[in-house]
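Right, one structure below, let's go through it.
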């Protein structure tokens, strides 16, 4: 089912990661008309090659797990639209909100912010121009498209090493470019990367520009922390995977929420923000642990809190029944 702009929903969820999709499932099961606005499916979880600590599920690829979340939410009526959200405003009637996207507006009685964290940019010329044309922020999603090609991974932390290890299964040559003298993360993972024949480490090195015409063809490298162009060289590659961690990009909702010192959205124990009708869940919030199972649980809690709010707005009691109880006869 396609979500049509200018449609009114009970709940609009901004973000399609673990928190957003779990919230969508719970909201839809409460018969709320629910829309998820997102750039992608799965968020950070989808970029995780292996998840082995989600209760009830075996070791699983993160993208596959998030597709299970998506399919289950859609089964109960959730609508999903791939849109870039620009801003949120309060409707003229004062009772609903309007979510403004790059392709139309959507009205909602309540909004759930679950847009997670954003990959940290390299911040070099050519990066934005070649996004989707050789520049990627998700090895799990895009590795198969680079089969038989040479790529470079920018970063030296756990995510970067996992990305390089995955890409080494598809690509004849994988370069890891990292500014520091050594990789950061678990010793076992570092050894695995160092012992993979087709992964070459370029430490104390940084990418200064991404080159190409219609797609990526090369990157410019120079020694880290050097001044001028001394030591600059060109490395021919077909793809650049940016794996330099994540940042919170939440400034666009600052009118409606409070932030902590890390620009994370402050919520109470019921996932409520300072604005009645606007809720938040997942990695974009100030909750302590960034784990898939916790984000999913927070998303479910936020959806039920939103359900109660919406029911009260409609003059109803807003009672949430437990999943367990007396067995049906």
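Which one is surrounded by the most Cβ atoms within 10 Å (Cβ to Cβ), of the residues in the range 43-65 that are in contact with a strand residue (DSSP E or B) (Cβ under 6 Å, 6 or more places away or on another chain) and outside any helix (DSSP H, G or I)?
51
For the range 293-304, does any single residue satisfy the condition of being farther than 19 Å from residue 116 by Cα and buried (at least 16 other Cβ atoms within 10 Å of the Cβ)? Even if it seems obvious, please write down each step before you answer.
Keep residues of the range 293-304 that are farther than 19 Å from residue 116 by Cα, which gives 304.
Within this subset, residues satisfying the condition of being buried (at least 16 other Cβ atoms within 10 Å of the Cβ) are 304.
Taking every residue of the range 293-304 in turn, at least one turns out to be farther than 19 Å from residue 116 by Cα and buried (at least 16 other Cβ atoms within 10 Å of the Cβ).
Mind checking whether some residue in the range 87-95 is over 25 Å from residue 138 (Cα atoms), surrounded by 19 or more Cβ atoms within 10 Å (Cβ to Cβ) and touching a strand residue (DSSP E or B) at 6+ places or on another chain (Cβ under 7 Å)?
Pass one, the range 87-95, residues over 25 Å from residue 138 (Cα atoms): 87-95.
Still in the running and surrounded by 19 or more Cβ atoms within 10 Å (Cβ to Cβ): 88.
Now drop any that are not touching a strand residue (DSSP E or B) at 6+ places or on another chain (Cβ under 7 Å), which leaves 88.
Yes - at least one qualifying residue is present in the range 87-95.
For residue 33, only one of the following conditions fails: (1) at pLDDT below 95; (2) surrounded by fewer than 23 Cβ atoms within 10 Å (Cβ to Cβ). What is its number?
(1)
Given the condition in a strand (DSSP E or B) and either surrounded by fewer than 23 Cβ atoms within 10 Å (Cβ to Cβ) or assigned by TED's automatic domain parsing to the domain that holds residue 45 (or both), answer yes or no: does some residue in the range 149-170 qualify?
Within the range 149-170, the subset in a strand (DSSP E or B) is 150-154.
Filter once more, keeping what is either surrounded by fewer than 23 Cβ atoms within 10 Å (Cβ to Cβ) or assigned by TED's automatic domain parsing to the domain that holds residue 45 (or both): 150.
Looking for residues that are in a strand (DSSP E or B) and either surrounded by fewer than 23 Cβ atoms within 10 Å (Cβ to Cβ) or assigned by TED's automatic domain parsing to the domain that holds residue 45 (or both), one finds at least one in the range 149-170, hence yes.
Given the criteria over 11 Å from the mean Cα position of the chain (by Cα) and in the same structural domain as residue 307 (by TED's automatic domain parsing), does residue 41 qualify? Give the steps one after another, and end with the answer.
Numbers: over 11 Å from the mean Cα position of the chain (by Cα): no; in the same structural domain as residue 307 (by TED's automatic domain parsing): yes.
It is false that residue 41 is over 11 Å from the mean Cα position of the chain (by Cα) and in the same structural domain as residue 307 (by TED's automatic domain parsing).
For the range 258-276, give me each residue that is buried (at least 20 other Cβ atoms within 10 Å of the Cβ) and either part of a loop (DSSP other than H, G, I, E, B) or in contact with a helix residue (DSSP H, G or I) (Cβ under 7 Å, 6 or more places away or on another chain) (or both). Spell out how you get there, then give the answer.
Within the range 258-276, the subset buried (at least 20 other Cβ atoms within 10 Å of the Cβ) is 265, 267, 271, 273.
Across the range 258-276, the qualifying residues are 267, 271, 273.
When the range 102-141 is examined, which residues are found to be in contact (Cβ under 8 Å) with a residue 40 or more places away in the chain, closer than 26 Å to residue 79 by Cβ and outside any strand (DSSP E or B)?
If the condition is that a residue be in contact (Cβ under 8 Å) with a residue 40 or more places away in the chain, closer than 26 Å to residue 79 by Cβ and outside any strand (DSSP E or B), then 103, 114, 115, 116, 117, 137, 138, 140, 141 are the ones that fit.
The values are calculated or read from the model by the stated rules, or taken from the named source; none is laboratory data. Here the structure is a predicted model, which is why all the values come from computation and not from measurement. Positions of Cβ are backbone-derived with ideal geometry, glycine not excepted, and every protein chain shown enters the neighbour counts.
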